[in-house]
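Worksheet for the structure shown next.
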Amino acid sequence: MSSSQRNSDPIAAHHLELLLRGLIVLAIIAAFVEGPKIEIGYIGLYLFDLIVVLISFNILIGLKLVGNIRIPRDELLLNLTTIYFLLVVILPLVGIIVHDHPLAYVVGDIRWLQMYLIGLVIITLYSRKALSFRSDFVHSFKFIIGIYFGIFLLQLALYLDLYDTTPLLEFWFLNQSTYGELGHHIGRFSGAGSSPSLIGLVSLLGTLIFGHTFLNNGENKIFVLISLTLLVASGQRTAFVATVLLASLLITFHTGTPTDISKPKTALVSVGGLSVGFATAYRLNIGRLQSDNRFDELLTAILNPHKLPEVSGRGPRWESAISAMNTHYPGGTLANPAHVLDTETIDSYYVLALAQGHFLLLLIFLSFLLVAYRSILKYRYRNPQNALFAAILLGAVTILSSMQNFLTSITGKLTLVLSVCFIFLLYTNDS
């Protein structure tokens, strides 16, 4: 190899690295934000899909520059991750053969392959040098929160009859099945996503991520307040409960760390501002705080999380789905039960996993979660902040999956993969 070729390889590798980092950030933003959708038959395509194609293309043309892929050393977690990720793709394909399910049933599950690609690129890219995936992730979430807040303001203006923002919202929700007509209904809002569940996840993660950066070095206070505003606007009881539970983890992480929040002046301003904001939201019924007994139900769910299924009325739906599975598909539906079973929305990934793969898929998923938490605890001292981010993301998956079909969405899948990436990056010098 000539001298010029040897010199050009590091330069080309550096350019590929920068390009892939940019595409990963864009992929994370696009997955959480969604945006207009193009429909081709029964396939819905988002900006996220285009970015994944660009990532694939750049990997192919720069394959010789990628080098060896670093395999994480936690074999138990690696094996369970592989088994679970294979099952969620293979079971729907088997369902086409065994139960003659239509091809449309597997489209959502094939998206797991996109997540695997993104996860592999993240682990390979950020384990090589002192690149901080955590820093890039925080920057991407600033854009996500900003976009959600902007769309929420458009919805709020329409909801309060302040200004007709219909044309802008119709473009944003092109071909999407939105909550209400334009992402708002009876005081609940979807922001940039297609449902209150998605804005609930985004606001939950935003509150915890930016809450950590604020407690750590006093940064991103405005993003904490915006995230809390979006949390109230979502009206998502499960997201409220998850925020309270995971915030306790965040506070524990920062126990004994001197921060500005402990100062009386800062505390007074924060409590006063939050009180005024909550009172305003209650007066305008944002987040449906005044509707029915929603506020009382929310307090009940926060103080007694085990009563959440009773409060939300999901219990009978779960029983109906399991009964239908046992009657018509004793071995599990194999494809997504939401498509196969003629029942109401299941609204629990744990029940959905049981109905889809019977005890096999559910036990593998639960085992994967337990081993993932074990890995976070075992290796947390290698990189405490990566461990915290992994716990926040995995905690969101664990809690929200109890009351939502969480892992059937692009965002849910990516949240799980990102949590695994943070765990695997505990073994690297990511600072």
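The values are calculated or read from the model by the stated rules, or taken from the named source; none is laboratory data. Just so it is clear, the structure is predicted and the values come from calculations on it, not from any experiment. Neighbour counts run over all protein chains shown; Cβ positions are idealised from the backbone, glycine included.
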Practice item. Out of Val351, Val371, report the one residue that is of a type outside the set (D, E, K, R), more than 23 Å from Val94 (Cα to Cα) and assigned by TED's automatic domain parsing to the domain that holds Met325. Key: Val371
Exercise for review: May I ask you to verify whether Thr398 is part of a loop (DSSP other than H, G, I, E, B) and over 22 Å from Ser132 (Cα atoms)?
Suggested key: no
Check your understanding: Take the residues of the range 337-392 that are among the basic types (Lys, Arg) and assigned to a helix (DSSP H, G or I): which is nearest to the chain's Cα centre (by Cα)?
Key -> Arg374
Review point. Of all residues in the range 117-153, which are aliphatic (A, V, I, L, M) and within 24 Å of Lys221 (Cβ to Cβ)?
Key: Val138, Ile144, Ile145, Ile147, Ile151, Leu153
Practice item. Read through the list (1) in contact (Cβ under 8 Å) with a residue 40 or more places away in the chain; (2) under 14 Å from Val33 (Cα atoms); (3) crowded, with 24+ Cβ neighbours inside 10 Å, then give the number of the only condition that Gln176 fails. Key: (3)
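Quick check on this structure: which one of Ile392, Ile376, Ile423 is without any contact (Cβ under 8 Å) to a residue 60 or more places away in the chain, touching a helix residue (DSSP H, G or I) at 6+ places or on another chain (Cβ under 6 Å) and β-branched (Val, Ile, Thr)? Explain how you work it out, then say what you get.
Values: Ile392 fails: without any contact (Cβ under 8 Å) to a residue 60 or more places away in the chain; Ile423 fails: without any contact (Cβ under 8 Å) to a residue 60 or more places away in the chain.
Unique residue meeting the criteria: Ile376.
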Exercise for review: Only residues that are touching a residue at least 24 places away in the same chain (Cβ under 8 Å), within 23 Å of Thr411 (Cβ to Cβ) and surrounded by fewer than 16 Cβ atoms within 10 Å (Cβ to Cβ): list them for the range 340-373, please.
Suggested key: Glu344, Thr345
Revision key, fill the gap. Checked pairs for the range 81-98, first within 23 Å of Leu394 (Cβ to Cβ), second among the polar types (S, T, N, Q) and at pLDDT below 90, C-beta under 8 Å and 6 or more apart or across chains, list as none
Study note, to complete from the structure: Here the residues within the range 83-101 that are assigned to a loop (DSSP other than H, G, I, E, B) and out of contact with any helix residue (DSSP H, G or I) (no Cβ under 8 Å at 6 or more places or on another chain) are Asp100
